[in-house]
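Colleague: Below you'll find the structure I mean.
Each value in this text was obtained by applying a stated rule to the coordinates, not by laboratory testing. All of these numbers come straight from a predicted model, not from anything done at the bench. Methodologically, a virtual Cβ is constructed for each residue, glycine included, from the backbone with ideal geometry; neighbour enumeration extends over all protein chains shown.
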Amino acid sequence: MANIKSQKKRALTNVKAQRKNIVARTEVKNAIKNVLKAVDAKDAAAAKVAFDKANAALDRAVSDGIKKVNYAARQKSRLAKAVNSISA
């Protein structure tokens, strides 16, 4: 632990930010998994709803700086392809 007061405060805020980032990353992963589960079950309606939630989660993660723009674009493309494959 640091001896300087400002560094002690910084260590605490780093822990808070780390917790927030872990929650956001988990939210993204779970949203992606939900889309893939719905696609595997061939449930087009559920897949569409899950896909919309995954897009929102990915956009939030990018705006918060947790995920990179290319990662989000790649995942959105992959999920859209999967959802379109069962609805077509």
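Colleague: Would you work out which of 26, 11, 41 lies farthest towards the positive end of the dipole of the stretch 5-87? Charges go on Cβ: Lys and Arg +1, Asp and Glu -1.
Modeller: Highest projection toward the positive end goes to 11.
Colleague: Give, rounded to the nearest 20 debye, the magnitude of the charge dipole that the stretch 1-47 has about its Cα centre when Lys and Arg contribute +1 at Cβ and Asp and Glu contribute -1 at Cβ. Display every interim value, and only then the final one.
Modeller: On the way: 12 positive and 3 negative charges, 109 e Å.
Using only the charged Cβ atoms, the result is roughly 520 debye.
Colleague: Next question. Which three extents, in whole angstrom, do the alpha-carbon atoms of the chain cover along their principal axes, largest first?
Modeller: Principal extents (largest minus smallest coordinate, Cα): 62, 22, 14 Å.
Colleague: To the nearest Å, what is the center-to-center distance of the stretch 34-64 and the stretch 4-28, using C-alpha atoms only?
Modeller: Using only Cα atoms, the two centres lie 27 Å from each other.
Colleague: Let me ask something additional. Treating cross-link reach as a plain straight distance, find the lysines whose alpha-carbon is under 17 Å from the alpha-carbon of residue 67, omitting any fewer than eight places away in the same chain.
Modeller: 20, 29, 33, 53, 76
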